[in-house]
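Asks: The structure's right below; bear with me while I get my questions together.
The values are calculated or read from the model by the stated rules, or taken from the named source; none is laboratory data. What you are looking at is a predicted structure, and each value in this text was computed from that prediction instead of being measured. Here the Cβ is made from the backbone with ideal geometry for all residues, glycine too, and neighbour counts use every protein chain on show. Protein only, heavy atoms only, side chains kept; ligands, DNA and RNA dropped before computing areas. Shrake-Rupley method; radii C 1.70, N 1.55, O 1.52, S 1.80 Å.
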Amino acid sequence: MGQEVRYRVRGGRPLSGTAFIQGAKNAVLPMIGAALLAAKGRTVLRNVPVIEDVYRALELAEHVGAKVAFHESERTVVIDASGLNDPERAVLPADIAARFRGSVLFVPALMHRTGRARIEGVGGCNLGSRNLDFHYRGFARLGAEVTEDLELNHINVEASKLRGGHLYLDTPSHTGTENLLMAAVLAPGTTVIEHAALEPEVIDVINFLSAMGAKISGGGTGLITVEGVEELTAVEHTIMSDRIDAGVFAMTVAATGGEVSLVGANLDHLGVARWKLEQMGVGFSQEGAVLHVQRDPSVPLRPINAVTSPFPGFATDLQSPLMALATLAEGESYIHEAIYDGRFALADELNKMGAKIEVEGTRAIVHGSTNLHGAEVIAHDLRTGAALVLAGLVAEGETIVAPGYLVDRGHAQFASRLAALGGDVERVTVS
Ligand SMILES: CC(=O)N[C@H]1[C@@H](OP(=O)(O)OP(=O)(O)OC[C@H]2O[C@@H](n3ccc(=O)[nH]c3=O)[C@H](O)[C@@H]2O)O[C@H](CO)[C@@H](O)[C@@H]1O
Ligand SMILES: C=C(OP(=O)(O)O)C(=O)O
């Protein structure tokens with residue numbers, strides 16, 4: 001049997017000090033995919049978070065023929081994609097690709113560099129139905145032939161002659177927008193993407209592609225236009241800071257009480273989450289690129305209503321830590337998960353710790369405040385894991401959160417960064 005990572009947490013200490021917010025997972029993954037579009041030279045990505053999803057993405061890049069080096073202590077990745085031209089290697093194998101959602105972001109580079117791609121699996125958090133129809137239908141509108149092998153459950157994409165086209169997304173899909181952009185940047189002609197995503201990571205990806213030589217306008221407006229170019233150049237880029245990591249740290253301080261400075265966090269990137277936390281009793285002040293967060297533990301948290309929606313709405317990835325926080329607020333909080341149909345697995349785990357949460361479909365009522373107690377709980381996905389660590393930091397006694405791999409997918413050095421703030425958290429490996 002292999003080793004399992006767990007988070008062991010003991011509650012009761014307020015947090016104080018300085019935490020360094022990591023580079024954004026949801027920006028670096030599309031950028032690793034985009035780096036493979038450059039046929040010459042070396043791409044240098046800085047502020048790369050040392051997380052499992054980045055390791056998987058780099059394994060995938062190597063698998064398809066790129067040379068990669070991850071200098072973890074420098075948080076820098078160097079990618080040389082000049083050798084990526086063998087159609088036989090244009091395969092995203094399930095053993096790597098099914099372990100993270102970002103694997104789908106490799107398809108455009110494979111289409112452009114080898115003329116084809118085979119997708120044997122795409123992973124990511126288990127949040128209910130997570131379709132990829134916008135991606136595949138969009139590739140087809142740009143001239144690719146997309147077929148499904150129903151027996152093997154593989155998708156085959158043949159793309160010898162991509163060209164610009166008019167695309168519309170039914171909902172402003174985050175990776176859908178990035179993937180269609182990457183498919184369009186090297187496709188001759190003009191591509192229009194209507195109802196495109198507005199997330200800050202999408203803007204960061206547009207900035208990266210533009211630095212590589214892509215011609216993109218309208219980023220951040222919902223209507224993006226791309227003029228295809230003949231080639232893209234390898235460049236250096238510093239990844240934006242991770243707004244979800246910042247939100248998780250802010251909510252953890254809200255839960256324990258205390259005062260913490262988040263280095264690199266940007267209040268504007270929290271969108272509606274900022275206003276919701278302020279309503280609950282959290283204080284924010286932005287000082288340049290450092291965000292100060294404080295909460296007076298002697299004043300009870302107020303309950304909250306939140307509906308998840310695309311940026312700048314309340315981020316679905318922050319819904320789990322908000323639910324954990326709401327268990328501490330005095331009164332009933334209402335949460336409506338409007339992006340995913342299966343993102344409430346956390347409720348049962350928090351209830352094991354003494355919370356009183358009722359779930360009906362995509363709506364949850366959190367009856368607070370409750371005194372949480374330690375328990376052995378399951379991280380059903382990345383943010384459930386982070387939210388349970390948050391809960392453990394205010395619970396009486398010891399909480400064990402497993403599998404820790406899911407937390408490690410998206411939060412770098414999570415235990416040591418919380419421990420540096422005074423939290424009693426350890427990441428342990430058991431056989
Ligand atoms: C690697 C990455 O960046 N992951 C983020 C990205 O996921 P991801 O890009 O997968 O999320 P989307 O924005 O695409 O999904 C939003 C909704 O659209 C639906 N949909 C999406 C694509 C499609 O082809 N068909 C379809 O129906 C999904 O099922 C979901 O209900 O944005 C999510 C929403 O902010 C975040 O939770 C994830 O952390
Ligand atoms: C849902 C998430 O990630 P992914 O799309 O990579 O599964 C997340 O980051 O919370």
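Asks: To the nearest Å, what is the center-to-center distance of the stretch 306-367 and the stretch 148-188, using C-alpha atoms only?
Replies: 33
Asks: Can you give me the solvent accessible area of LEU301 with a 1.4 Å probe, rounded to the nearest 10 Å²?
Replies: 10
Asks: Cα axis of helix 25-35 to longest principal axis of the chain: angle in degrees, 0 to 90, nearest 10?
Replies: Orientation of helix 25-35: about 10 degrees from the principal axis.
Asks: Let me ask something else. Please work out the average accessible area per residue across the stretch 330-431, using the 1.4 Å probe convention, and give it in Å².
Replies: Heavy-atom SASA per residue in the stretch 330-431 reads 38 Å².
Asks: Run through the stretch 198-280 and list the GluC sites (Glu not before Pro) located in a DSSP loop whose Cβ has at most 13 other Cβ atoms within 10 Å. Write out the running numbers ahead of the final one.
Replies: Numbers: sites: GLU201, GLU227, GLU230, GLU231, GLU236, GLU259, GLU278; in loops: GLU230, GLU231.
Those satisfying the criteria are GLU230, GLU231.
Asks: Suppose only helical runs count, i.e. DSSP H with n ≥ 4. What mean residue ellipticity at 222 nm does that imply for the chain under -39500 (n - 2.57) per run, divided by all residues and rounded to the nearest 500 deg cm²/dmol?
Replies: Details: 14 runs with 130 residues, N = 431.
So the helix-based figure for the chain works out to -8500 deg cm²/dmol.
Asks: Of ASP133, ASP296, ASP317, which has the largest mean-square fluctuation in a 10 Å C-alpha GNM of the chain?
Replies: ASP133
Asks: Then there's this: At 1.4 Å probe size, with every protein chain present, just tell me what the per residue accessible area of the stretch 279-329 comes to in Å².
Replies: Working: 1870 Å² over 51 residues.
On a per-residue basis, the stretch 279-329 sits at 37 Å².
Asks: Counting other C-beta atoms within 10 Å, and keeping those with at most 16, which DSSP coil chymotrypsin sites (Phe, Trp or Tyr not before Pro) do you find in the stretch 332-431? Don't skip to the end; give the middle numbers.
Replies: On the way: sites: TYR334, TYR340, PHE344, TYR405, PHE414; in loops: TYR340, PHE344.
Loop-located and lightly packed - none at all.
Asks: Which angle between 0 and 90 degrees, to the nearest 10, do you get for helix 382-392 versus the longest principal axis of the chain when only C-alpha atoms count?
Replies: 10
Asks: So if I place +1 on the C-beta of Lys and Arg and -1 on the C-beta of Asp and Glu, and nothing else carries charge, what would the dipole magnitude of the stretch 328-431 be about its Cα centre? I want it in debye, nearest 20. Numbers along the way, then the final one.
Replies: Details: 8 positive and 15 negative charges, 61 e Å.
It works out to roughly 300 debye.
Asks: Further, regarding this structure: Using 0.36 nm times the number of residues separating ALA211 and ALA420, minus their current alpha carbon distance, what extension gain do you get?
Replies: Extending this stretch completely gives an extra 71.6 nm.
Asks: Right, here's the next one. Given the chain, what count of lysine pairs have C-alpha atoms under 23 Å apart, with each pair 8 or more places apart or on different chains?
Replies: 6
Asks: Please tell me the relative contact order of the chain in percent, rounded to the nearest whole number, where contacts are Cα pairs under 8 Å and at least six residues apart.
Replies: The value is 22 percent.
Asks: Next up: Please check: in the Gaussian network model of the chain (C-alpha springs, under 10 Å), which one of VAL229, VAL77, VAL54 has the largest mean-square fluctuation.
Replies: Maximum fluctuation in the GNM of the chain, among the listed residues, is at VAL229.
Asks: Quick check on packing: order 324-333, 138-147 by the mean number of other C-beta atoms within 10 Å, highest mean leading.
Replies: Ranked from most to least packed, the peptides come out as 324-333, 138-147.
Asks: What residue among GLY121, GLY176, GLY220 shows peak mean-square fluctuation when the chain is described by a Gaussian network model with Cα springs under 10 Å?
Replies: Highest fluctuation among the options: GLY220.
Asks: If you roll a 1.4 angstrom probe over the protein chains with everything in place, what fraction of the accessible area of the stretch 256-315 belongs to carbon and sulfur, to the nearest %?
Replies: Result for the stretch 256-315: 55 percent of the exposed heavy-atom area is carbon or sulfur.
Asks: Could I ask something else about it? Quick check: the angle from helix 174-184's long axis to the longest principal axis of the chain, C-alpha only, nearest 10 degrees?
Replies: That works out to roughly 20 degrees.
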